[in-house]
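The block underneath contains the structure these notes are about, expressed in structure tokens.
The values are calculated or read from the model by the stated rules, or taken from the named source; none is laboratory data. All figures in this text were calculated on a predicted structure; none of them were measured in a lab. Counting neighbours? That spans all protein chains shown, and the Cβs are built from the backbone with ideal geometry, glycine included.
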């Protein structure tokens with residue numbers, strides 16, 4: 001068999017292998033999405049139960065909220081979501097923060113520092129990619 005015929009024969013096998021690999025990836029992605037959705041069902045059930053509770057006992061409602069919140073954070077962590085810790089006093093870093101607004105400060109050392117975190121920042125644990133920057137208010141020296 002000459003080289004041209006061998007190459008032509010190999011092509012259908014390569015295409016079949018490629019298609020099988022693509023199909024396998026599609027199935028794996030679908031299964032992964034289903035696992036994520038099923039995991040969130042528990043949290044949704046807890047929220048529905050909390051919504052049906054009587055609001056007479058605020059302490060019990062707060063405890064329930066805290067348990068649901070902890071479960072949701074744990075679930076997010078299992079799927080690779082990690083909080084980027086940003087707190088008041090940190091220097092503004094556009095790689096991890098988005099300034100929603102600024103407020104005046106008369107203290108030069110507080111220029112360009114965070115005075116309030118409106119929304120937390122998160123990253124993918126596995127790859128380190130920033131999924132969402134923190135929404136912050138910063139101080140500006142005047």
Any chance residue 20 is outside the structural domain of residue 136 (by TED's automatic domain parsing) and more than 15 Å from the chain's Cα centre (by Cα) | yes
Expected single match for under 18 Å from residue 75 (Cα atoms) and free of Cβ contacts under 8 Å to residues at least 40 places away in the same chain among 22, 34 is 34
Within the group 99, 70, which residue is closer than 24 Å to residue 135 by Cα, without any contact (Cβ under 8 Å) to a residue 12 or more places away in the chain and either in the same structural domain as residue 140 (by TED's automatic domain parsing) or not in a loop (DSSP other than H, G, I, E, B) (or both)?
-> 70
Give the stretch 38-60 a look and list any residue that's out of contact with any helix residue (DSSP H, G or I) (no Cβ under 6 Å at 6 or more places or on another chain), surrounded by 10 or more Cβ atoms within 10 Å (Cβ to Cβ) and closer than 14 Å to residue 79 by Cβ, or say none.
-> 40, 42
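Touching a strand residue (DSSP E or B) at 6+ places or on another chain (Cβ under 8 Å), touching a residue at least 40 places away in the same chain (Cβ under 8 Å) and within 26 Å of residue 36 (Cα to Cα): does that describe residue 120?
So residue 120 does not fit the description; no.
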